[in-house]
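S.K.: Encoded as structure tokens, here's the structure I'll be asking about.
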Amino acid sequence: MLYIILGIIMVFMAWMQAAMGKLQKYKKDAREQWIRVDALLQTRSRYILDLLELADQSGLETGDLLAEIYELGGGYCQSDDREVISEQAENVTPLLDRLLALAREYPALGNEAVFQELSDNLTELEEEIDIQSSRYNHFIDLYNEHRERPSIRLQMAILGAIPLKGIHLRQKKLQAEKE
């Protein structure tokens, strides 16, 4: 009888270990993908700050738009929390789109080669961020789906795996356009 009970306990422990191992694999994959997204967001921030400087030098009147973008650090902040970085990047996206639209219409800036190059670089970078953030979000979704499986809810309650959030730059942009 003791062997049966020990066997059941061992099977239960192995089952918990396997479930947690898969969860940790998804979390590790998401972390590795985040490194790519993070590097792209840092580059994007540098481009945005360069654009702000160029717009300021050319005398572009935007009200508080330049100040808002500058306060957001061009969409990037130094933090260990991915959600803080994601939120900052998401918040700057609609502001950046407004700034680019104003800059393209401004004659002193819209025809300038430096602005065109910076704008093209930002466009290419935004496309790459979309691709890499989609991959990141895929791993986050896998993690969260695995975490929510009915067969492992007990382990999650015991081991305490929290849900993770992805990064959604385009969804924030679409919300801003609707408003």
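S.K.: Six or more apart or on different chains, Cβ under 6 Å: which pairs go from a residue in region 138-158 that's aliphatic (A, V, I, L, M) to one that's modelled with pLDDT of 70 or more and in a loop (DSSP other than H, G, I, E, B)? Could you list them?
M.R.: Ile140/Leu164; Ile140/Gly166
S.K.: Now for a separate question. Which ones in region 121-151 are surrounded by fewer than 20 Cβ atoms within 10 Å (Cβ to Cβ), farther than 17 Å from Gln42 by Cα and of a type in the set (A, V, I, L, M)?
M.R.: The answer is Leu142, and nothing else.
S.K.: Out of the helices (runs of 4 or more DSSP H) lying entirely within region 100-179, which hold 2 or more residues that are farther than 30 Å from Thr62 by Cα, modelled with pLDDT of 80 or more and within 12 Å of the chain's Cα centre (by Cα)?
M.R.: Filter on region 100-179 gives 113-147.
S.K.: Within region 1-12, which residues are part of a helix (DSSP H, G or I) and more than 22 Å from Glu148 (Cβ to Cβ)?
M.R.: The answer is Leu2, Tyr3, Ile4, Ile5, Leu6, Gly7, Ile8, Ile9, Met10, Val11.
S.K.: If you don't mind, there's one more thing I want to ask. Could you check region 10-52 and list, in sequence order, the residues that are in contact (Cβ under 8 Å) with a residue 24 or more places away in the chain, over 29 Å from Leu122 (Cα atoms) and small (Gly, Ala, Ser)?
M.R.: Ala19
S.K.: Looking only at region 53-99, count how many residues are in contact (Cβ under 8 Å) with a residue 40 or more places away in the chain, part of a loop (DSSP other than H, G, I, E, B) and surrounded by 16 or more Cβ atoms within 10 Å (Cβ to Cβ).
M.R.: Residues meeting the conditions: 2.
The values are calculated or read from the model by the stated rules, or taken from the named source; none is laboratory data. Bear in mind that the values here come from a model prediction, so they are computed numbers and not experimental data. Glycine also receives a Cβ, built like all others from the backbone with ideal geometry; neighbour counts cover every protein chain displayed.
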